[in-house]
Amino acid sequence: MQKLKNSSLIILIIAITLMILGTYLFNQHLQRKADLQLAQLTVEQTQAPKNQTADITQSASEPADQDLNEDATTQTTHVAVSADEIAGALAVVEEAKASQKSATEHLTMQVDSEYHEGKTLSSNAAKYGLKPIKTAPTDLKTTVPSIDQMLASHLMEVWGRSSVDQVAKRVEGWSQQGNSITYRTAWDSDRYQCTWYVVSWNQSNNQVLNEGYKPCF
């Protein structure tokens, strides 16, 4: 039973991290490219039945004209349905993008971007009331690399750093209180910027209780 809970928990944490990471990985260039490809596909789907109808019309005899016209009408109706389906799919994609953008903007506003020159956190997790990550459940430990990747990408964007070498994890750990488990990690930059990332959840139902950034100082 505990193993099943841990598996559900890891899926939940991965979903949270991917939601944030996805937004920053898809830049404007890739979005434009995807939109253009989708538009091109729509045009090709629309033109294909017309070309097929034209070819059939040229090769068929006059007695078959009526049948071809009926086929063309049927194909046109099919194209109209396909266009509606594509429009609906586009609407869903745009809604998902808007939702991801809203969630990411909310988290971004929590990041401390101030410079705290001369100030750094300790790398000792116990100093902050945290247990070493090596003592955490296996599923949590295996998820940490994914969280690291998400945080590196997000913080580089927010802090205006151009290289992954310019941001680094300072300390991490976990704690448990009743049914609630919390994972905390602090990251900083080469310009003395620093922030905590915190996520906690209820072990009983895997509901996220808190997720966001907090200042280091």
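The values are calculated or read from the model by the stated rules, or taken from the named source; none is laboratory data. These numbers were taken from a predicted model, which means no experiment stands behind them. Note that each Cβ is placed from the backbone with ideal geometry, even for glycine, and that neighbours are counted across all protein chains shown.
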| request: Could you list all residues from the range 182-217 that are in contact (Cβ under 8 Å) with a residue 60 or more places away in the chain and touching a Pro at 6+ places or on another chain (Cβ under 9 Å)? | output: CYS194, THR195
| task | Sort out which residues of the range 108-152 are within 24 Å of ARG191 (Cα to Cα) and in a helix (DSSP H, G or I), and write them in order of number. | result | THR108, ALA125, LYS127, TYR128, PRO145, ILE147, ASP148, GLN149, MET150, LEU151, ALA152
| said: Residue under question is LEU90, and the condition is that it be of a type outside the set (Phe, Trp, Tyr), modelled with pLDDT of 85 or more and part of a helix (DSSP H, G or I); does it hold? | reply: no
| Within the range 201-217, considering residues that are touching a helix residue (DSSP H, G or I) at 6+ places or on another chain (Cβ under 9 Å) and either part of a strand (DSSP E or B) or at pLDDT 95 or above (or both), the one nearest to TRP159 (Cα to Cα) | TYR213
| task | Check whether at least one residue in the range 153-164 is in contact (Cβ under 8 Å) with a residue 40 or more places away in the chain and in a strand (DSSP E or B), and report yes or no. | result | no
| task | Please state which of the following conditions THR195 fails to meet, knowing it meets all the rest: (1) assigned to a helix (DSSP H, G or I); (2) polar (S, T, N, Q); (3) closer than 23 Å to MET109 by Cβ. | result | (1)
| Conditions (1) surrounded by 21 or more Cβ atoms within 10 Å (Cβ to Cβ); (2) under 21 Å from the mean Cα position of the chain (by Cα); number of the one not met by GLU172 | (2)
| request: Scan the range 135-148 residue by residue and report those that are at pLDDT 95 or above and in contact with a helix residue (DSSP H, G or I) (Cβ under 8 Å, 6 or more places away or on another chain). | output: none
| request: Output yes when any residue across the range 178-197 is more than 14 Å from LEU130 (Cβ to Cβ), among the basic types (Lys, Arg), in contact with a helix residue (DSSP H, G or I) (Cβ under 8 Å, 6 or more places away or on another chain) and surrounded by fewer than 21 Cβ atoms within 10 Å (Cβ to Cβ), and no when none is. | output: yes
| Is at least one residue of the range 127-144 within 24 Å of the chain's Cα centre (by Cα), surrounded by fewer than 18 Cβ atoms within 10 Å (Cβ to Cβ) and either among the small types (Gly, Ala, Ser) or under 17 Å from TRP196 (Cα atoms) (or both)? | yes
